[in-house]
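The values are calculated or read from the model by the stated rules, or taken from the named source; none is laboratory data. Bear in mind the structure is a predicted one, so any value in this text is a computation, not a measurement. Note that we place each Cβ from the backbone using ideal geometry, even for glycine, and neighbour counts take in every protein chain shown. Heavy atoms of the whole protein, side chains included, go into the accessibility calculation; ligands, DNA and RNA do not. Shrake-Rupley method; radii C 1.70, N 1.55, O 1.52, S 1.80 Å.
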Amino acid sequence: MVDLGLPRIPRTLATTRKSRQLKLGHDDRAVLVGGGAPVTVQSMTTTVTADVNATLQQIAELTASGCQIVRVAVPSADDAEALPEIARKSQIPVIADIHFQPRYVFAAIDAGCAAVRVNPGNIKAFDDKVAEIAKAAADAEVPIRIGVNAGSLDKRLLAKHGSATPDALVESALWECSLFEEHGFQDLKISVKHHDPVVMIAAYRKLAAACDYPLHLGVTEAGPQFQGTVKSAVAFGALLAEGIGDTIRVSLSAPPAEEVKVGIAILESLGLRDRRLEIVSCPSCGRAQVDVYKLAEEVTAGLDGLEVPLRVAVMGCVVNGPGEAREADLGVASGNGKGQIFVKGKVVTTVPESKIVETLIDQALRLAEEASASNTPTGKPEVITV
């Protein structure tokens, strides 16, 4: 049997926050949220929802990238009319995203959407519709997400707090939840998004301490891909390491599939999702005797799509190279125009620099084939809670 890399040093995270559990959907596509269920990755389509074919195509692409729940915008009657077909044909649960028009909430529930997201701050007279929405959602067993955003906070709360502070965001969310609770409806999930990770973290910490509803994490308007990735990784990492968060969306000014890739990578790095391919490579320095950047990129490209959990070390010198390569499932320590290839801690061959990439890919595919044949368990890191 091939051992594919359980880390020798267990990772330490806080105990997952106890929350209510929701079920998004009613068939075999349903996803559990909260209540000890794994943290799930969401994204949102960028298509015009009324264009059913384009929307379903993008949902298929998101599903293939690992997305588990998808949100679609419903700003018009045409979009609302498209929901039944989209909800029926999507491979993953569909959440309808409703702003401004409460009537589309009822349309989304009737369409068979797995959940509905509402933003109370920009739905006129939303509070007056809560009783009707609660009854419709309860009858259809459709959860509601109360989505509070810094950019669309209720004007009354802005006047009270002066800006979209953590207290303002939390007060808004809990107020809306209390209205639903008055009507006996508690199938709620909450988000309190802000573009500033520091404010966002503080808001979610306050919210987590004040209720037991499942929480959807997001840094809203996080920015272009690099900036948004950093902001989201910082904010999600801080909260998830404390056991806070049940679903996540990485909001990027980039194609939605990129959001999903980043979200999955964040969960893998925290041991909250089974890891797949992981490349350990040095940043390069004056000691490097090979082009580490090129080597790491070529190995990554050559192993793209590999589903078996595999840690591959691509190292450029003899200082840290042998140690890192030895600790990985597969690795190379390069120098003097050649590379020592390690498999499970042992040197199996030494090859010329020109053959390093080819050899690593061959060895990786061999390990993957052996793992599949022997049904080797995935390399999910052991997580110790404190």
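For Ala313, what residues show an amide H to amide H distance below 5 Å, using hydrogens built from the backbone and excluding near sequence neighbours?
Val280, Leu330, Gly331, Val332
Excluding same-chain residues fewer than 8 positions from Lys89, which lysines have a Cα within less than 21 Å of its Cα?
Within the straight-line cut-off, Lys89 pairs with Lys23.
Give me the distance between the Cα centres of segment 230-267 and segment 73-119, rounded to whole Å.
For segment 230-267 versus segment 73-119, the Cα centre distance is 24 Å.
On a 30 Å Cα-Cα criterion, which of the cross-link pairs Lys189/Lys231; Lys129/Lys189; Lys155/Lys231; Lys231/Lys346 come out too long? Walk me through the intermediate numbers first.
Working: Lys189/Lys231 22 Å; Lys129/Lys189 18 Å; Lys155/Lys231 27 Å; Lys231/Lys346 39 Å.
Lys231/Lys346, as the Cα separations exceed 30 Å there.
Let me see the P(r) profile for segment 242-294: every Cα-Cα distance counted, bins of 10 Å, each bin given as a percent of all pairs.
Percent of Cα pairs in each bin: 19, 34, 30, 15, 2.
So which residue, out of Gly335, Gly147, Gly218, gets the largest mean-square fluctuation from a GNM of the chain using Cα contacts under 10 Å as springs?
Gly335
Convert each backbone phi in segment 264-270 into a coupling constant with the Karplus relation 6.51 cos²θ - 1.76 cosθ + 1.60 (shift: θ = phi - 60°), then list the ³J(HN,Hα) values in order as whole Hz, x for Gly and Pro.
Running phi through 6.51 cos²θ - 1.76 cosθ + 1.60 with θ = phi - 60° gives 4, 4, 4, 5, 5, 5, 9 Hz.
Between the helical axis of 225-240 and the dominant principal axis of the chain, each derived from Cα atoms, what acute angle in degrees is found, rounded to the nearest 10?
Tilt relative to the chain: about 80 degrees.
Can you give me the pair-distance distribution of segment 31-116, C-alpha pairs, 5 Å bins, whole percents?
The percentages, shortest bin first, are 3, 17, 28, 25, 16, 9, 3, 0.
Leaving out ligands, DNA and RNA but keeping every protein chain, what accessible area does Tyr104 have, in Å² rounded to the nearest 10, with a 1.4 Å probe?
20
Pop the C-beta distance of Thr15 and Val347 into the FRET formula with R0 = 51 Å and round what comes out to the nearest 0.05.
Calculated value: 0.80.
Restricting to Cα pairs below 8 Å that are 6+ residues apart, what does the relative contact order work out to for the chain? Please round to a whole percent. Display every interim value, and only then the final one.
Values: 829 pairs, mean separation 66.7, N = 386.
Result for the chain is 17 percent.
If amide hydrogens are placed 1.01 Å from N in the peptide plane, which non-local residues have theirs closer than 5 Å to the one on Arg145?
Residues meeting the amide H criterion: Val116, Arg117, Val118, Lys189.
What does the helix-only formula give at 222 nm for the chain: each DSSP H stretch with n ≥ 4 adding -39500 (n - 2.57), the total divided by the residues, and the result rounded to the nearest 500 deg cm²/dmol? If you can, show how the numbers build up before the last one.
Details: 12 runs with 155 residues, N = 386.
After summing the helix terms and dividing by the residues of the chain, the value is -12500 deg cm²/dmol.
Mind pulling the angle between the C-alpha long axis of helix 292-302 and the longest principal axis of the chain? Nearest 10 degrees, somewhere in 0 to 90.
With rounding to tens, the tilt is 70 degrees.
How about Lys294: which lysines have a C-alpha closer than 20 Å to its C-alpha, ignoring those fewer than 8 places off in the same chain?
Correct list for Lys294: Lys338, Lys355.
Given an 8 Å cut-off on Cα distances and at least 6 residues of separation, report the relative contact order of segment 55-128 as a percent.
Numbers: 108 pairs, mean separation 21.6, N = 74.
After rounding, I find 29 percent.
So how tilted is helix 197-210 from the main axis of the chain? Cα-based, degrees 0 to 90, rounded to 10.
Roughly 60 degrees between the two axes.
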